[in-house]
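Data block below; observations after.
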Amino acid sequence: MKKDTHPDYHMITVKMTDGSSFQTRSTWGEANGTLVLDIDPTTHPAWTGGGQKILDRDGRVGKFNKKFEGFLGDSAKNDSSEKNTSDNTTQEETKS
């Protein structure tokens, strides 16, 4: 087995965005160094579960809709709207 093929594994201090810190073992930096985080699990939306919205402002979905807006024709849209209104009227008649 070759010697000196593995990186140096040593203790470092990780400083969180709220000022708290902890020690862990890592190959990052030098021994007893400090890793200061810009984003950590207490503040990032990926871990906190909020702050992220997916909006398609004329992106892929918008381009698709523009490309195929007349593909099925207007009759397909009218048929589906007529079915919805006829279903509603039959439900209202049965309630009366």
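How many residues are among the hydroxyl-bearing types (Ser, Thr, Tyr) and part of a loop (DSSP other than H, G, I, E, B) when one looks only at the range 1-37? Steps first, please.
The initial filter retains those residues of the range 1-37 that are among the hydroxyl-bearing types (Ser, Thr, Tyr), namely 5, 9, 13, 17, 20-21, 24, 26-27, 34.
Of the ones still in play, those that are also part of a loop (DSSP other than H, G, I, E, B) are 5, 9, 17, 20, 27.
Count: 5.
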Being modelled with pLDDT of 90 or more and open to solvent by less than 80 Å² (accessible area, probe 1.4 Å) narrows it down to one of 75, 20, 81, so name that one.
20
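The values are calculated or read from the model by the stated rules, or taken from the named source; none is laboratory data. Predicted model only: the values in this text are computed from it and were never measured. What goes into the accessible areas is simple: the full protein's heavy atoms, side chains included, and nothing from ligands, DNA or RNA. Shrake-Rupley method; radii C 1.70, N 1.55, O 1.52, S 1.80 Å.
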